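Chemist: Okay, here's the structure, questions in a sec.
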Amino acid sequence: MLIKANSMTSPRNSARPVPADDAAIRAAAAHLATGELVAFPTETVYGLGADATSDAAVAKIYAAKGRPSFNPLIVHCADMETARRFAVIEGPALDLARAFWPGPFTLVAPRHADCPLAPRVSAGLATVAIRVPRHPVAQALLAAFNGPIAAPSANRSGRISPTRAEHVAAELGGKVAMILDGGPCEKGLESTIVGIHDGRVELLRPGSITPDAIAAACGLPVVGSGPEAAITAPGQLASHYAPRARLRLNAVRAAPHEALLAFGPNVPEGAAAVLNLSPTGDLEEAARNLFAMLRRLDDAGYDAIAAMPVPEEGAGIAINDRLRRAAAPRDAA
Ligand code: TXA
Ligand code: MG
């Protein structure tokens, strides 16, 4: 056992991304069945997957990420029917699941009394976060494994979520049996998370499915969507998605030592480097680029990044949420 654990962490045995063809997906499912970790793409970000019914397998996720044990995981299911075996999904929750599954949407719902999911996926809570992803590789892996897959974002705890297989390899390659490469993620930001309490929908984490779309799908008011929202998922610590570099928000000009994370057509001059989230000001394109560009600037070694303002509307709500967390002082966590 010890020898295996050591060899898994040596660079020589670090997993490289493999194209997610049928044979690779079957091999990945076999690893999951023996309690190993597998990274795979979803339409939001890459996930670090384990058998959600095995407490021992789920424990490996926490160890690999360095994730605090109080921070519960998302359980990925092939379809609505499977999801409803594990959690009570009815009324407005069912309306939302019908509207947004499969897709970039996660529902926090009460666990059934006899729920066979590992207790550790819920970190001791009576609820469980469930998602039915739409990405064809995630769907194929769920079908091949034929069971629920627990998967947080495949990054070290507190760091930037991966939107490409290479990001996973760089950060967790030594900790996983396999990395399925499905190319860059379509959305680029983690799923929208909601819970339902007292006839209100609580937005626990903004994502590409907007508060307006959620309200329209279930006819209930959505609370907790603003920058100062009090309600958060346990994992939504103030400091998160943290680059090594210092991040300055709402920058209208950049100093010569700063790298500029620009948005829109009017980019101030004078920065040491510029990456533009979307030269045309398209919020969905900016969401897709945000994490990969933050990583590139960070990896290039700039110790200060200035981010231009992004409008607080549509996908911009989630972009600003992630930027604020990336800029928060580390001791705020
Ligand atoms: O797009 C995504 O959601 C990706 C892909 C892989 O599915 N997953 C992801 O997982 O972002 P993670 O672990 O990085 O974020 C899950 C969030 C955490 O903030 C956690 O606290 C919250 O979901 N969460 C999980 N279970 C919960 C529960 N029972 N109640 C409240 N929040 C919960
Ligand atoms: Mg995460």
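Chemist: For residues that are assigned to a helix (DSSP H, G or I) and of a type outside the set (A, V, I, L, M), scanning just segment 66-83, find the one that is farthest from the chain's Cα centre (by Cα).
Modeler: The residue in question is E81.
Chemist: Failed condition for R131, given (1) in the same structural domain as G35 (by TED's automatic domain parsing); (2) out of contact with any Cys (no Cβ under 8 Å at 6 or more places or on another chain), with all others met?
Modeler: (2)
Chemist: Between a first residue in segment 246-258 that is surrounded by 12 or more Cβ atoms within 10 Å (Cβ to Cβ) and a second residue that is among the hydroxyl-bearing types (S, T, Y), which pairs have beta carbons less than 8 Å apart while being 6 or more apart in sequence or on different chains?
Modeler: Close Cβ pairs satisfying both conditions: E258/Y302.
Residue-by-condition table, conditions (1) touching a Leu at 6+ places or on another chain (Cβ under 6 Å); (2) closer than 30 Å to A287 by Cβ; (3) at pLDDT 95 or above:
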site: S10; (1), (2), (3): no, no, no
site: A20; (1), (2), (3): yes, yes, yes
site: A28; (1), (2), (3): yes, yes, yes
site: H31; (1), (2), (3): no, no, yes
site: T34; (1), (2), (3): no, no, yes
site: T44; (1), (2), (3): no, yes, yes
site: S54; (1), (2), (3): no, no, yes
site: A57; (1), (2), (3): no, no, yes
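Chemist: Could you look through segment 90-133, keep only residues that are of a type in the set (V, I, T) and crowded, with 20+ Cβ neighbours inside 10 Å, and pick out the one that is nearest to the chain's Cα centre (by Cα)?
Modeler: T106
Chemist: List every residue pair whose Cβ atoms lie under 6 Å apart, where the two residues are 6 or more positions apart in sequence or sit on different chains, the first residue falls within segment 144-163 and is near ligand 1 (Cβ under 10 Å from one of its atoms), and the second residue, located anywhere, is among the basic types (K, R).
Modeler: Here the result reads S157/K65; S157/R67, each pair linking segment 144-163 to a residue that is among the basic types (K, R).
Chemist: Sticking with this one: Output the residues belonging to segment 59-89 that are out of contact with any Leu (no Cβ under 9 Å at 6 or more places or on another chain), at pLDDT 95 or above and more than 22 Å from H31 (Cα to Cα).
Modeler: The answer is E81, R85, V88.
Chemist: Within segment 195-208, which residues are within 13 Å of G91 (Cβ to Cβ) and either polar (S, T, N, Q) or buried (at least 24 other Cβ atoms within 10 Å of the Cβ) (or both)?
Modeler: The answer is V201, and nothing else.
Chemist: Select from segment 181-228 the residues that are of a type in the set (D, E, K, R) and away from ligand 2 (no atom under 16 Å from the Cβ) and write down the one among them that is nearest to R325 (Cα to Cα).
Modeler: Initially, segment 181-228 is screened for residues of a type in the set (D, E, K, R), giving 181, 186-187, 190, 198, 200, 202, 205, 212, 228.
Now drop any that are not away from ligand 2 (no atom under 16 Å from the Cβ), which leaves 181, 186, 198, 200, 202, 212, 228.
Details: D181: 28, E186: 22, D198: 28, R200: 25, E202: 19, D212: 23, E228: 12 Å.
Among them, the one singled out is E228.
The values are calculated or read from the model by the stated rules, or taken from the named source; none is laboratory data. Because the structure is a prediction, the values reported are computed rather than measured. Heads up, the Cβs are rebuilt from the backbone with ideal geometry, glycines too, and the neighbour counts pull from every protein chain shown.
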